[in-house]
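As structure tokens, the structure follows; a few thoughts come after it.
The values are calculated or read from the model by the stated rules, or taken from the named source; none is laboratory data. None of the values given here were measured: they were computed from a predicted structure. Here the Cβ positions follow ideal geometry from the backbone for every residue, glycine too, while neighbour counts run over all protein chains shown.
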Amino acid sequence: MSETPDRNKKEYYFELAISELDAGNLEKAIEAFQQAIQADPRDAKCFSNLGIAYELSGEYDKARAAYEKAIELNPGHAPVLNNLAALTLRSGDQKTAAFLYESAIISDPLYVEPYLNISRMFMELNLFAVAEPYVRKILEIDPGNAEALNLLGVIANVTSRHQEAVGHFQNALRADANQPAFFSNLGAALKGIGDHRRAIIALEKAAELNPNNLSIMNNLGALYRETGKLEKAEHFLSRALAFYPENPFPYLNMGELYITRGDYRNALVFLKKYIALVPLDLVALFKTCGIARMADRLCDVVAEMESFIRETDPLDPRRETVEAWLKTANRNDFT
């Protein structure tokens, strides 16, 4: 690789590479960035953008090498540090990712992306108290940042500060009213303060913007069931099951819906499907056994009762009940 830069050639290939990258022609973009680097091997932006092209192509090791070379050439470039941190997090190295995000923040304290990304990382680890100061720092830099307002609302909601969460989600929607996740999160916070009417309005708006979203359909179904609007509950839960038949939670909510209706046989059908997908949910497993007894179908849940007895603590008082039901089921089978 020549060390003597040919700047005209570098600029030609760099602009060509950016054009190909914008058009989604990743192979051509990579080739052009490589040509630009041959023309000027000391230009950090060529390596940085080559890393982006490699990452978009799924060639993560090559992307890492390009980002690391860009940082070697320009050690304080915050966007590259942020990109390398995200790539490092993808590999599961959270400690190094956090260090790189912090390095990006130190390099450019007004650049909000690493604050957002490190916040999301800590939230995924359920470290909400650690994430919150980063989110609040974003709002010091950019008070109207919609995503930061949404993240702060999520943190407030999961830490049982539901009324505060409502305010943050409302502010996020004032900044960007086209995000279904914001309406969905607002619905969850409103439910948390017991305002079911407005929670349904928020979730319905979320469904309007993103009609096939699993979480929105499932949450709307559950909320309509809780408020006694069973036909609407069934509508959304049926849609959730149609689009996401491998997800367990619509089955659980549909089971609850049929319990509300007093239709224990159909409730048992859905609860068994849920248990098949989440076999170690002992609360639901016990409920399934109980609903089977109420439906006079204990014989249908012998395997589930045996599983419950295997998985529970010997001192769990529910075991005695399930053991009695199991004896009844076996006796009925024998007769």
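Quick notes on this structure:
- Options V302, V322; residue that is crowded, with 19+ Cβ neighbours inside 10 Å and not polar (S, T, N, Q): V322
- Filtering region 126-146 to residues that are in a loop (DSSP other than H, G, I, E, B) and either within 18 Å of N171 (Cβ to Cβ) or of a type in the set (A, V, I, L, M, F, W, C) (or both) leaves L127, D142, P143, G144, N145.
- Any chance A199 is over 22 Å from R136 (Cα atoms), buried (at least 20 other Cβ atoms within 10 Å of the Cβ) and in contact with a Lys or Arg (Cβ under 6 Å, 6 or more places away or on another chain): yes
- Test: M294 is touching a Cys at 6+ places or on another chain (Cβ under 9 Å), surrounded by 12 or more Cβ atoms within 10 Å (Cβ to Cβ) and on the phi < 0 side of the Ramachandran plot: no
- Selection status of A165, in contact with a Phe, Trp or Tyr (Cβ under 6 Å, 6 or more places away or on another chain) and touching a residue at least 24 places away in the same chain (Cβ under 8 Å): no
- Given (1) over 30 Å from L223 (Cβ atoms); (2) of a type outside the set (G, A, S); (3) touching an Asp or Glu at 6+ places or on another chain (Cβ under 9 Å), number of the condition P314 does not satisfy: (3)
- Extreme residue, nearest to Y60 (Cα to Cα), among residues of region 90-106 that are among the hydroxyl-bearing types (S, T, Y) and surrounded by fewer than 18 Cβ atoms within 10 Å (Cβ to Cβ): S91
- Looking only at region 113-127, and only at residues there that are over 14 Å from the mean Cα position of the chain (by Cα) and surrounded by 20 or more Cβ atoms within 10 Å (Cβ to Cβ), the one that is nearest to A98 (Cα to Cα): I118
- Being of a type in the set (D, E, K, R), buried (at least 18 other Cβ atoms within 10 Å of the Cβ) and part of a helix (DSSP H, G or I) is true of K69.
- Those residues of region 147-199 which are of a type in the set (D, E), under 21 Å from P133 (Cβ atoms) and out of contact with any Leu (no Cβ under 7 Å at 6 or more places or on another chain), in sequence order: E164
- If the condition is being under 20 Å from V283 (Cα atoms) and β-branched (V, I, T), then region 308-333 contributes I309, T312, T321, V322.
- Matching option when the condition is within 26 Å of I106 (Cα to Cα) and over 17 Å from the mean Cα position of the chain (by Cα), among G144, G192, G167: G144
- Contact map, region 239-251: residues that are under 18 Å from K272 (Cβ atoms) paired with residues that are part of a loop (DSSP other than H, G, I, E, B) and of a type outside the set (F, W, Y), Cβ distance under 6 Å, separation 6+ or inter-chain. Pairs shown: P248/V278.
- Scan region 155-191 for residues that are buried (at least 19 other Cβ atoms within 10 Å of the Cβ) and either closer than 18 Å to G221 by Cα or among the aromatic types (F, W, Y) (or both) and the total you get is 11.
To keep it simple, each residue is scored yes or no on (1) aliphatic (A, V, I, L, M); (2) at pLDDT below 95.
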| site | (1), (2) |
| --- | --- |
| E3 | no, yes |
| K9 | no, yes |
| Y12 | no, yes |
| L26 | yes, no |
| D40 | no, yes |
| F47 | no, no |
| L50 | yes, no |
| A53 | yes, no |
| K62 | no, no |
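- Only one of the numbered conditions (1) more than 28 Å from Y60 (Cα to Cα); (2) touching an Asp or Glu at 6+ places or on another chain (Cβ under 9 Å) is not met by I118, and that is (1).
- Residue match in region 132-139 (condition: of a type outside the set (D, E), closer than 30 Å to G58 by Cα and free of Cβ contacts under 8 Å to residues at least 24 places away in the same chain): yes
- Per-region count, region 220-246, residues surrounded by 15 or more Cβ atoms within 10 Å (Cβ to Cβ) and farther than 17 Å from E204 by Cα: 2
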